[in-house]
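Have a look at the structure below, then the notes.
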Amino acid sequence: QVQLVESGGGLVQAGGSLRLSCAASGSIASFNVMGWYRQAPVKQRELVATIVTGLLTLTGRTNYADSVKGRFTISTDNAKNTVYLQMNSLQPEDTGVYYCYAKKLGYSDIWGQGTQVTVSS
């Protein structure tokens with residue numbers, strides 16, 4: 001079972017930046033899609049960004065929540081089996097626990113343990 005370990009969260013002032021990392025214990029190319037979700041207090045978990053990591057010609061395609069478009073960028077480093085989320089122009093509403101996930105068709109999704117991001121105003 002591949003494990004996902006997130007890092008890079010922390011406390012930052014509004015307008016600041018953070019880069020989250022999600023290190024997989026196996027090849028990220030073995031998954032079809034990887035991405036990031038977040039969950040704020042008393043809110044449901046919501047999609048932040050995804051990237052296709054293993055679907056032939058679709059590999060590399062990205063998708064973002066409207067609320068983060070133009071501010072966040074998802075990327076991968078296949079050599080390091082790592083997915084990144086570069087977050088710029090952070091706002092207090094970006095506060096939450098950020099979870100990395102991996103999806104492979106026909107298998108259960110895999111989730112990381114989460115990393116806390118807190119943006120102060």
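Each reported figure results from applying straightforward, stated rules to the coordinates on display, with no laboratory input. Just so we're clear, the structure is a prediction, and the values are computed from it rather than from any experiment. Note that we place each Cβ from the backbone using ideal geometry, even for glycine, and neighbour counts take in every protein chain shown.
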Could you work out the mean projected area of the convex hull around the alpha carbons of region 1-72, in square nanometres to one decimal?
-> 6.1
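What ranking, highest mean first, results for peptides 108-119, 60-71 when packing means the other Cβ atoms within 10 Å averaged over each residue?
Those peptides, ordered most packed to least, come out 108-119, 60-71.
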Gain in span if fully extended, Asp77 to Ala65, counting 0.36 nm per residue against the direct Cα distance | 2.1 nm
Sketch the reach of a paramagnetic label on Gln1 as a point 7 Å from Cα along Cα-to-Cβ, and name the residues of region 91-106 whose backbone nitrogen lies under 16 Å away.
-> 101-104
Relative contact order, percent, of the chain when contacts are C-alpha pairs under 8 Å separated by at least 6 residues?
-> 36
Working out 0.36 nm times the residue gap between Thr118 and Gln86, then minus their Cα-Cα distance, what length gain in nm do you get to one decimal?
-> 10.0 nm
Provide the percentage of antiparallel DSSP beta bridges, counting only those with both residues in the chain; round to the nearest 5.
-> 90
Quick one: what are the phi-derived ³J(HN,Hα) couplings along region 100-108, Karplus 6.51/-1.76/1.60 with θ = phi - 60°, whole Hz, x for glycine and proline?
-> 8, 9, 9, 10, 10, 3, x, 10, 5
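Roughly speaking, what is the stretch gain from Ser30 to Ala14, that is 0.36 nm per residue apart minus the C-alpha to C-alpha distance, in nm to one decimal?
Extra length from Ser30 to Ala14 when fully extended: 2.1 nm.
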